[in-house]
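Q: Please see the structure below; I have some questions.
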Amino acid sequence: MIDRTKSAESPRDSCVDSDVEHKEIISPFFGSCPLPIFEHKNIVLGHGSGGKLTAELISKVFLPAFANPILDKLDDQAVFEVNGARLAFTTDGFVVTPIFFPGGDIGRLAVNGTVNDLAMSGARPLYMSAAFILEEGLAAEDLRRVVASMGVAAREAGVQLVTGDTKVVNRGKGDQIFITTTGIGVIERPVNISASRARPGDKVIFSGYLGDHGMAIMSQRENLEFEGSIESDCAPLHELVAAMLEICEKSGFDGPIHCLRDPTRGGAATTLNEIAAQSGVGIHIREALLPVRESVRGACEILGLDPLYVANEGKLVAIVGAEAADTVLLRMHEHPLGRDAVIVGRVLRERPGMVTMETGVGGTRILDVMFGEQLPRIC
Amino acid sequence: MKYLDEYRDGRVARKIVDEIRHVQTKPWVIMEVCGGQTHSIVKNGIDYLLPEGVELVHGPGCPVCVTPLEMIDKAHAIARRPDVIFCSFGDMLRVPGSDGDLFTIKSEGGDIRVVYSPLDCLKIARANPDKQIVFFAIGFETTAPANAMLAWRAKQEGVANVSLLVSHVLVPPALDAILQSPQNRVQGFLGPGHVCAVMGYEEYEPISARFRVPIVVTGFEPLDILQGTLMTIRQLETERAEVENEYSRVLNREGNKAAQALISQVFEVGDRKWRGIGSIPRSGYHLREEFRAHDAERLFDVARIDTREPEICISGQILRGIKKPKDCPAFGTLCTPQRPLGATMVSAEGACAAYYAYGRHLNKEEVDVPVRSLGGAA
């Protein structure tokens with residue numbers, strides 16, 4: 001009994017030791033610890049950025065506690081069967097400041113964010129729940145506006161908000177309003193869409209301009225007034241996805257839409273990296289083909305940010321079999337949310353897990369996962 | 001986008017590269033001085049475009065990188081105080097001191113704010129009269145005028161609760177130190193465009209003459225860097241050593257006289273320690289005596305801090321152009337932006353961090369050849 005306790009504890013002890021020694025230089029145990037080490041004493045903002053720190057939090061804190069085959073896929077939604085029906089299930093928390101911004105508000109975002117996570121599996125969104133954490137002192141009128149906007153967004157997306165919860169926290173313990181939405185949808189077509197299904201030769205499609213949402217929020221938050229205001233692209237994508245799937249069926253293609261993702265936090269570059277890693281393929285894109293609005297490019301230049309890493313809320317990245325790519329693209333162009341869709345690159349067998357880009361001047365660079373938060377540069 | 005696309009044109013880039021190929025007969029080592037230039041080179045893959053034998057090495061011009069560890073520890077000690085609102089440019093937040101970074105201090109309750117202009121501190125100070133507003137005034141000559149303006153206006157307008165923690169450094173003494181080193185490999189410089197926009201480039205002429213080294217003041221867009229490289233190689237191939245200006249759309253020989261006047265009103269030149277390089281005489285700015293009421297180092301009793309850098313780190317050699325990030329065994333494995341071991345990994349502008357951000361730790365061999373052989377992307 002005693003022995004077993006000891007042997008269970010000893011690897012943990014060696015983790016702690018190696019952790020301490022890291023601060024000096026390098027531990028002799030580096031990389032050899034049998035248990036995941038989470039090195040941060042406290043959570044920092046970067047853990048919410050969608051980049052490497054978030055991935056570390058998930059792999060070292062959440063996955064060990066919850067691991068199961070559905071979660072381990074790390075898709076934006078869980079897909080499972082109940083009595084023969086294929087369901088998609090997802091949840092998302094929304095903490096944006098300011099709560100009203102050009103092109104949307106936290107309520108619209110909370111509905112569309114969850115609708116889009118469902119849509120990326122090919123599901124038709126059906127029902128949603130919403131949980132509100134309200135800060136003492138929040139203007140009742142602001143809450144009414146947010147909730148009304150959620151109602152409109154839900155009607156637009158064809159989902160019903162069927163259950164919810166409200167909590168109020170002391171002033172200073174929240175930031176006006178936090179919303180968590182959970183959604184459930186049904187997958188009616190015989191599709192199999194997952195970030196792990198990209199295949200060499202597939203084309204990479206972006207559904208429209210990159211970085212609108214992130215820069216709209218950033219310019220409001222930092223009181224940066226850019227010429228020609230930048231509006232969030234917040235929109236429900238399930239109809240666009242349905243149109244893409246429908247045209248493939250009609251044209252007789254065999255499930256050519258392999259991956260769909262909405263590139264929210266961490267931006268398009270992070271999404272491409274996730275797909276490359278989960279599918280074990282390389283992805284190569286061309287900078288000259290990237291759709292970025294003048295105003296967003298300008299704002300990014302000023303702040304030293306890269307639009308490829310800025311959040312979107314109404315865009316998708318599709319990995320589509322080469323045979324169907326042009327058909328899908330043409331159909332996307334007919335939909336208002338896919339009007340500016342472009343093929344930006346393709347999937348390679350070479351360099352699995354890596355995303356590369358041919359730069360505008362003809363050089364090459366690797367697009368890595370963002371480390372933490374993107375920070376405005378000093379000069 | 002106007003005024004940007006013109007300097008990122010792939011066809012013009014190919015023309016300049018062809019011209020470099022045409023002019024160059026010998027191998028040359030050229031240092032780009034600025035972190036912003038390093039960033040642009042790696043981001044655009046410019047070093048992969050250049051012909052073999054033209055080697056770009058990365059200079060000391062990353063203000064975040066060269067800020068000494070003890071100064072960062074001082075900043076952290078001040079930022080931890082409950083009576084302080086600590087203001088900084090964004091990319092200082094992630095720079096680790098001996099114990100954590102400003103993000104960590106923020107997560108522990110410190111009031112840390114990112115400002116875009118130092119003058120934002122005046123607003124914050126007026127809105128928080130019971131707090132001390134401390135601005136981390138770092139940078140080269142580029143940020144000096146705006147930082148000087150904060151001190152000047154705080155004094156002028158009697159905003160008593162604003163102070164500056166100054167760690168300013170100057171480019172010309174650093175170039176001098178690099179060229180004097182017996183290990184020096186640098187044969188020509190792409191001079192610092194933004195620094196010279198403030199200071200002009202007259203002060204680089206004696207350096208160029210004394211060490212017989214071409215200095216071409218260069219901008220930051222891909223075509224600027226290619227053109228600056230071409231101009232430097234032309235000088236080297238014809239055995240000239242002059243200061244030339246590639247960035248004439250932005251600056252001239254005299255620089256910005258008004259900015260220079262403000263700097264000398266607020267700051268005086270003194271010795272400074274550079275992270276990874278060591279102390280360089282007369283290589284930094286300090287607040288003048290008249291501004292002592294706004295000098296955070298005097299206002300806050302920050303005990304002398306002893307620091308130690310990891311021995312494995314070669315950032316000192318990287319900052320002087322002797323080595324490159326990929327020469328370091330720790331690069332991308334033990335040393336990452338998440339857990340940086342030294343100066344050049346801590347800031348986005350540092351050579352190691354730029355290499356890492358653009359994924360160069362991921363591939364063992366250089367990436368361009370296999371990609372090109374695959375043909376077009378889309």
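Every read-out reported here was derived from the displayed coordinates using simple, explicitly stated rules and does not represent laboratory data. The shown structure was predicted, so the numbers you read here are calculated from the model rather than taken from an experiment. Methodologically, a virtual Cβ is constructed for each residue, glycine included, from the backbone with ideal geometry; neighbour enumeration extends over all protein chains shown.
Q: Determine the dipole magnitude for chain A: charges of +1 sit on the beta-carbon of Lys and Arg, -1 on that of Asp and Glu, nothing else is charged, the reference point is the Cα centre, and the result goes in debye to the nearest 20.
A: Working: 36 positive and 50 negative charges, 99 e Å.
That gives a dipole near 480 debye.
Q: Straight-line reach only, C-alpha to C-alpha below 15 angstrom: list the aspartates and glutamates that B:Lys326 could link to, leaving out same-chain residues fewer than 8 apart.
A: The qualifying aspartates and glutamates are B:Asp47, B:Glu55, B:Glu365, B:Glu366.
Q: Listing B:Asp99, B:Asp130, A:Asp117, A:Asp368 from the residue with the fewest other Cβ atoms within 10 Å to the one with the most, what is the order? Before the final figure, lay out the partial values.
A: Details: B:Asp99 12, B:Asp130 6, A:Asp117 27, A:Asp368 21.
Final ranking by Cβ density, sparse to dense: B:Asp130, B:Asp99, A:Asp368, A:Asp117.
Q: So which lysines can A:Lys73 reach, going by Cα to Cα under 24 Å and dropping same-chain residues fewer than 8 places off?
A: Straight-distance partners of A:Lys73: A:Lys52, A:Lys60, A:Lys203, A:Lys315.
Q: Pick out which of B:Pro145, B:Pro340, B:Pro206 has the largest mean-square fluctuation in a Gaussian network model of chain B, springs linking Cα atoms closer than 10 Å.
A: Comparing B:Pro145, B:Pro340, B:Pro206 in a Gaussian network model of chain B, the most mobile one is B:Pro206.
Q: Hey, fewest Cβ within 10 Å first, where do B:Leu170, B:Leu164 land in order? Please report the intermediate quantities before stating the final value.
A: Values: B:Leu170 20, B:Leu164 28.
Taking fewest neighbouring Cβ atoms as first place, the list is B:Leu170, B:Leu164.
Q: Just to check I understand the Karplus step: with θ = phi - 60° and J = 6.51 cos²θ - 1.76 cosθ + 1.60, what whole-Hz values come out for segment A:121-128, glycine and proline as x?
A: For segment A:121-128, the Karplus curve yields 9, x, 7, 9, x, 10, 10, 9 Hz.
Q: Another one. Which of B:Val171, B:Val66 has the fewest other C-beta atoms within 10 Å, and how do the rest follow up to the most? Let's see the in-between values first.
A: Numbers: B:Val171 25, B:Val66 29.
Lowest to highest Cβ neighbour count: B:Val171, B:Val66.
Q: Quick one: helix B:222-237 against the long Cα principal axis of chain B, what's the angle to the nearest 10°, folded into 0 to 90?
A: 60
Q: A further question on this structure: Across peptide B:43-50, how many C-beta atoms of other chains are within 10 Å of each residue C-beta, on average? Could the numbers behind the result be given before it?
A: Working: counts 6, 8, 12, 5, 1, 5, 5, 1.
Averaged over the peptide's residues, the number is 5.
Q: Please identify which residues in segment B:171-196 have an amide N closer than 18 Å to a label point set 7 Å out from the Cα of B:Arg240, following the Cα→Cβ vector.
A: Answer for this model: B:187-191.
Q: Sequence-distant or interchain residues sharing an amide H contact under 5 Å with A:Gly164, placed H: which?
A: Residues meeting the criterion, in which the H sits 1.01 Å from N, are A:Ala130.
Q: State, to one decimal in nm², a quarter of the convex hull surface area for the C-alpha atoms of the protein assembly as shown, i.e. the direction-averaged projected area. Walk me through the numbers before you get to the answer.
A: Values: hull surface 141.9 nm².
Convex hull of Cα atoms, orientation-averaged projection: 35.5 nm².
Q: Okay, moving on. Sorted by average packing, counted as other Cβ atoms within 10 angstrom per residue and highest first, what order do A:144-150, B:2-8, A:200-206 take?
A: Values: A:144-150: 17.4, B:2-8: 12.9, A:200-206: 22.6.
Ranking the peptides A:144-150, B:2-8, A:200-206 by packing returns A:200-206, A:144-150, B:2-8.
Q: Determine ³J(HN,Hα), in whole Hz, for all residues of segment B:17-26 in sequence, where each value follows from phi through the Karplus function 6.51 cos²θ - 1.76 cosθ + 1.60 and θ = phi - 60°; x replaces Gly and Pro.
A: Result, ordered by residue: 4, 4, 5, 4, 4, 5, 7, 6, 10, 10 Hz.
Q: Size of the dipole of chain B about the Cα centre, Lys and Arg at +1 and Asp and Glu at -1 on the beta carbon, nothing else charged, in debye to 20? Display every interim value, and only then the final one.
A: On the way: 44 positive and 48 negative charges, 60 e Å.
Dipole about the Cα centre, nearest 20: 280 debye.
Q: Answer with one residue from B:Ser264, B:Phe331, B:Ala293: the one whose Cα lies farthest towards the positive end of the charge dipole of segment B:263-332, charges on Cβ with Lys, Arg +1 and Asp, Glu -1.
A: Of B:Ser264, B:Phe331, B:Ala293, it is B:Phe331.
Q: Count, for each residue of A:349-360, the Cβ atoms from other chains sitting within 10 Å of its Cβ, then give me the mean as a whole number.
A: Per residue, the number of nearby Cβ atoms from other chains is 5 on average.
Q: On to the next question. With Kirkwood's inverse mean 1/r over C-alpha pairs for Rh, give me the Rg to Rh ratio of chain A, two decimals please. List each step's numbers first, then the result.
A: Working: Rg = 21.8 Å, Rh = 22.2 Å.
That ratio is 0.98, to two decimals.
Q: Among B:Ser40, B:Ser117, B:Ser347, whose mean-square fluctuation peaks in a Gaussian network model of chain B (Cα, cutoff 10 Å)?
A: Answer for the Gaussian network model of chain B: B:Ser117.
Q: Order B:286-294, B:86-94 from most to least packed using the mean count of other Cβ atoms within 10 Å. Could you put the intermediate results ahead of the total?
A: Details: B:286-294: 16.7, B:86-94: 24.0.
Listed from highest to lowest mean packing, they are B:86-94, B:286-294.
Q: Another one. Compactness ratio of segment A:203-367: Cα Rg over 2.2 N^0.38 Å, N = residue count? Numbers along the way, then the final one.
A: Details: Rg = 15.8 Å, N = 165, 2.2 N^0.38 = 15.3 Å.
That works out to 1.03 for segment A:203-367.
Q: Sticking with this structure for a sec: Taking a cut-off of 20 Å between Cα atoms, list the lysines near B:Lys324, but don't count ones fewer than 8 places away on the same chain.
A: Partners within reach: B:Lys43, B:Lys364.
Q: If I build a Gaussian network model for chain A, linking alpha-carbon pairs within less than 10 angstrom, which residue out of A:Gly84, A:Gly353, A:Gly345 has the largest mean-square fluctuation?
A: Greatest mean-square fluctuation among the candidates belongs to A:Gly84.
Q: Hey, another quick one. If packing is taken as the average number of other Cβ atoms within 10 Å across a peptide's residues, how do A:65-73, A:158-166 rank, most packed first?
A: Working: A:65-73: 10.0, A:158-166: 14.0.
The peptides rank, most packed first, as A:158-166, A:65-73.
Q: Pull the list of chain B cysteines that no other Cys approaches to under 4.7 Å, Cβ to Cβ.
A: Isolated Cys, chain B: B:Cys34, B:Cys87, B:Cys121, B:Cys196, B:Cys313, B:Cys328, B:Cys335, B:Cys352.
Q: How many percent of DSSP beta bridges within segment A:73-186 run antiparallel, rounded to 5?
A: Numbers: 25 of 34 bridges.
Beta bridges within segment A:73-186, antiparallel portion: roughly 75 percent.
Q: Mind checking the mean number of beta-carbon atoms from other chains within 10 Å of the Cβ atoms in B:103-109?
A: Working: counts 9, 4, 2, 3, 8, 3, 1.
Whole-number average of other-chain Cβ neighbours for B:103-109 is 4.
Q: Taking amide hydrogens as modeled 1.01 Å from N in the peptide plane, which residues meet the under 5 Å criterion relative to B:Glu32, leaving out close sequence neighbours?
A: Placed amide hydrogens put B:Val57, B:Gly59, B:Leu190 under 5 Å from B:Glu32.
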